[in-house]
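What follows is a short report on a single structure.
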Amino acid sequence: MIGEALSYPFFQRALVAGLLASVACGVVGSLVVVRRIASISGGLSHAAFGGVGLGFLAGFDPLLGALGFGVASALGIGVAELRLRQGLDTLIAMIWAVGMAMGIIFVSLAPGDPPDLLGYLFGNILLVNPQYILLVLVLDLLIVGVVATLFRKLRAISFDGEFAWVIGVPVGPLFLLLLTLVALTVVILIRVVGVILVIALLTIPAAIARHWTDHLSRMMLMATAIGATSIALGLFLTFGLSMGPGIDLPTGPAIILLTAILFGLSAAGRYVIARGRSPGGVD
């Protein structure tokens, strides 16, 4: 089955795109989990849907619209939180609802037949084109380059923002940069798992990695590997089911369910090991 799947160009493109997306997912997702701002990925993905709708309305690539809306929303949330001291939860809820509302309105105003939005809501990685792979590669290089250059400072504001501010780290600008990186990653993942499921793929692999390490660099590597494994398994599973029993499962949701299963296995394994090490866990 693996050889047959890899013989199809569309599957090859999907696998390459998924593996590249897992890099941004693992790197940025680890920062998000450590910083405890996981819900912001959901807010930004739904805000980016406004850009998708604008793309359909104005006639340009919806992903470029999602990129612009996502980054603008990230910076707006960050500035409002830093200047107005408005809680992040409130801002995320607002941008979440407004982005979806704008996207739906833009799509309803778009000329011609209504576009198929399921691919953007739940992902459709099997339809990615070479231009998307190039976009993911460029964004990966940008994200990895920025994080590698500013790793110590980003680690400082992620684990303890107040201490980072005391020692002279520019917390405000770095927080805005972190939100921008989250927005870029969200746009990458929209074609993999869709607007609705982005939050899961961005956070679950990093949460699994944190079961086993507290070192941020190792967490990023583990989260990348876990994300890549989940995406590859999801692709091969859905392809095998469609070619064998004729069961057509959507790839994005299947990837998320596999990632959730891995999280459950990891949590159970971590619990068993902890019990075995504790005095009460020894018979």
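Brief remarks follow.
- Cα shape, region 11-86, gyration tensor, a/c 1.5 rule: oblate
- Two-site FRET efficiency, Phe236 against Leu257, from Cβ-Cβ distance with R₀ of 22 Å, rounded to 0.05: 0.95
- For the pair Asp116 and Ser217, a Förster radius of 41 Å applied to the C-beta separation gives a FRET efficiency near 0.50, rounded to the nearest 0.05.
- Calculated log₁₀ intensity ratio I(q)/I(0) where the Debye formula runs over C-alpha points of the chain, q = 0.11, 0.16 Å⁻¹: -0.65, -1.24
- Counting neighbouring beta carbons within 10 Å and listing from fewest to most, the residues Glu81, Glu162, Glu4 come out as Glu162, Glu4, Glu81.
- Helical content alone sets the calculated 222 nm signal of the chain at -28000 deg cm²/dmol, taking -39,500 (n - 2.57) per DSSP H segment of four or more residues and averaging over every residue.
- Ordered by the count of other Cβ atoms within 10 Å of each Cβ, fewest first, Thr213, Thr238 give Thr213, Thr238.
- A simple spin-label model places the labels of Glu162 and Leu150 2.3 nm from each other, with each point 7 Å out along Cα-to-Cβ.
- Cα centroid separation - region 1-26 against region 64-118, whole Å: 29
- Candidates Leu189, Leu179, Leu137, ranked by Gaussian network fluctuation over the chain, Cα under 10 Å, top entry: Leu137
- Region 1-127 gives an Rg/Rh value of 1.05, both radii derived from C-alpha positions and Rh following Kirkwood.
- With each label modelled as a point 7 angstrom along the Cα→C-beta vector, the Ala93-Val16 pair spans 4.5 nm.
- Mean projected area of the Cα convex hull of region 156-278, taken over all directions, amounts to 9.9 nm².
- Whole-number percent relative contact order across region 70-185, with pairs defined as alpha carbons under 8 Å at least 6 apart: 41
We did not get these values from a lab; they are worked out from the coordinates using the rules stated. Computed from a prediction, not measured in an experiment: that's the story for all the values here. Reconstructed Cβ throughout: ideal geometry from the backbone, glycine too, with neighbour counts over all protein chains shown.
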